[in-house]
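**Q** Okay, here's the structure, questions in a sec.
The values are calculated or read from the model by the stated rules, or taken from the named source; none is laboratory data. Computed from a predicted structure; not experimentally measured. Every residue, glycine among them, receives a Cβ derived from its backbone with ideal geometry; neighbour counts consider all protein chains shown.
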Amino acid sequence: MTMDQLKRQAAARALEEVRDGMQLGLGTGSTAKHFVELLGERVAAGLKVIGVPTSEATRADAERCGVKLTTLDEIDHLDLTIDGADEIDPELNLIKGGGGALLREKIVAAASDRMIVIADDSKWVPTLGKFPLPIEVIPFGLGATRRAIEKAFAECGVSGQMAVRKAKGGDKDGHVFVTDGGHWIVDAQLGRITDPPGLAKALSAIPGVVEHGLFIGFASSAVLAGGGGIRVIER
Ligand code: 5RP
């Protein structure tokens with residue numbers, strides 16, 4: 001089975017948790033896109049749900065698939081968010097933001113009663129950090145912010161190269177990647193994050209950091225699709 005088929009399987013399993021009338025957070029990325037497409041098929045067959053998209057890309061996908069959308073200004077909570085991840089550890093701590101949507105993804109996850117993470121099982125890791133940690137920053141004063149981030153890394157026992165993310169493909173190819181919120185992303189190659197909650201707290205305290213890709217305590221469960229079938233891990 002291809003990676004893409006595994007992603008779709010994970011999305012299909014998470015769809016079983018969706019009930020009529022639910023208010024849903026809709027994640028970003030190739031796995032979340034499968035979920036939105038499958039949800040659209042259920043909506044066409046009569047399911048009534050409303051969604052809050054975590055990116056402009058997901059907004060476009062949901063509109064194309066006929067999924068009704070709202071905002072967190074119009075509703076006061078979400079029942080369930082379904083989103084992908086770049087890495088998932090056994091505590092269900094996550095690295096997210098490979099697609100650059102971490103800020104809206106975290107706002108939506110925080111407003112949600114439950115979050116199901118969907119992924120192919122290559123995302124399951126014993127320790128977070130092999131995937132570069134995305135850190136969303138304000139362009140102003142970036143030098144000072146980078147120095148503060150390096151200090152936070154040292155205090156948390158990690159170190160590694162940082163690079164401002166560049167856009168890939170399209171007419172923005174090679175230019176600085178700009179998030180939906182108008183910010184930049186610094187990707188940090190840390191290798192091994194031994195204290196994800198400690199690092200998350202230290203990064204959140206830096207003024208130029210808008211948000212970071214460590215999702216601690218957000219995921220209620222993970223649906224992992226692999227060659228041997230589907231595994232559901234509950235927190
Ligand atoms: C986007 C994300 C994605 O959920 C993450 O990058 C996983 O993407 P994919 O499902 O394409 O592997 O955090 O910001």
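**Q** Considering each residue of the range 84-117, count those that are free of Cβ contacts under 8 Å to residues at least 60 places away in the same chain, among the charged types (D, E, K, R) and either touching a helix residue (DSSP H, G or I) at 6+ places or on another chain (Cβ under 9 Å) or under 25 Å from residue 190 (Cα atoms) (or both), and give that number.
**A** Result for the range 84-117: 1.
**Q** Now a separate question. What's the total number of residues in the range 217-229 that are on the phi > 0 side of the Ramachandran plot and part of a loop (DSSP other than H, G, I, E, B)?
**A** Of the residues in that region, 1 qualify.
**Q** For the range 150-167, enumerate the residues that are in a helix (DSSP H, G or I), surrounded by 13 or more Cβ atoms within 10 Å (Cβ to Cβ) and of a type in the set (D, E, K, R).
**A** 150
**Q** Now for a separate question. Can you run down the residue pairs with Cβ atoms below 6 Å, 6 or more apart or on separate chains, where the first is in the range 119-137 and over 16 Å from residue 84 (Cβ atoms) and the partner is aromatic (Phe, Trp, Tyr) and within 13 Å of the ligand (Cβ to nearest atom)?
**A** That search, which allows pairs on different chains as well, returns nothing.
**Q** Do we find a residue being outside any loop (DSSP other than H, G, I, E, B) and either of a type in the set (D, E, K, R) or near the ligand (Cβ under 10 Å from one of its atoms) (or both) anywhere in the range 62-74?
**A** Filtering the range 62-74 down to residues outside any loop (DSSP other than H, G, I, E, B) leaves 62-65, 69.
Subsequent filtering for residues that are either of a type in the set (D, E, K, R) or near the ligand (Cβ under 10 Å from one of its atoms) (or both) retains 63-64.
Yes; the residues of the range 62-74 include at least one that is outside any loop (DSSP other than H, G, I, E, B) and either of a type in the set (D, E, K, R) or near the ligand (Cβ under 10 Å from one of its atoms) (or both).
**Q** Considering only the range 169-183, state which residues are at pLDDT 95 or above and over 16 Å from the mean Cα position of the chain (by Cα).
**A** 175, 176, 177, 178, 182, 183, listed by residue number.
**Q** Please go through the range 14-61 and give me each residue that is of a type in the set (Asp, Glu) and more than 16 Å from the ligand (Cβ to nearest atom), ordered by number. Spell out the reasoning first.
**A** In the first step, residues of the range 14-61 are kept if they are of a type in the set (Asp, Glu); the result is 16-17, 20, 37, 41, 56, 61.
Across the range 14-61, the qualifying residues are 16, 17, 20, 41.
**Q** Considering only the range 177-216, state which residues are without any contact (Cβ under 8 Å) to a residue 40 or more places away in the chain, in contact with a Leu (Cβ under 8 Å, 6 or more places away or on another chain) and assigned to a loop (DSSP other than H, G, I, E, B). Let's see the steps before the verdict.
**A** Taking the range 177-216 as the starting set, the residues that turn out to be without any contact (Cβ under 8 Å) to a residue 40 or more places away in the chain are 178, 182, 195, 200-201, 204.
Pick out the ones that are also in contact with a Leu (Cβ under 8 Å, 6 or more places away or on another chain) and you get 200.
Listed by number, the list is empty, since nothing qualifies.
**Q** Looking at the range 80-98, is at least one residue crowded, with 23+ Cβ neighbours inside 10 Å, within 16 Å of the ligand (Cβ to nearest atom), part of a helix (DSSP H, G or I) and not β-branched (Val, Ile, Thr)?
**A** Checked against the condition, which is being crowded, with 23+ Cβ neighbours inside 10 Å, within 16 Å of the ligand (Cβ to nearest atom), part of a helix (DSSP H, G or I) and not β-branched (Val, Ile, Thr), the range 80-98 yields no hits at all.
**Q** If you don't mind, another one. Checking the condition loosely packed, with under 14 Cβ neighbours inside 10 Å and either within 22 Å of residue 213 (Cβ to Cβ) or touching a Lys or Arg at 6+ places or on another chain (Cβ under 7 Å) (or both), which residue from 27, 21 passes?
**A** On the way: 27 fails: loosely packed, with under 14 Cβ neighbours inside 10 Å.
Checking each option against the conditions leaves just 21.
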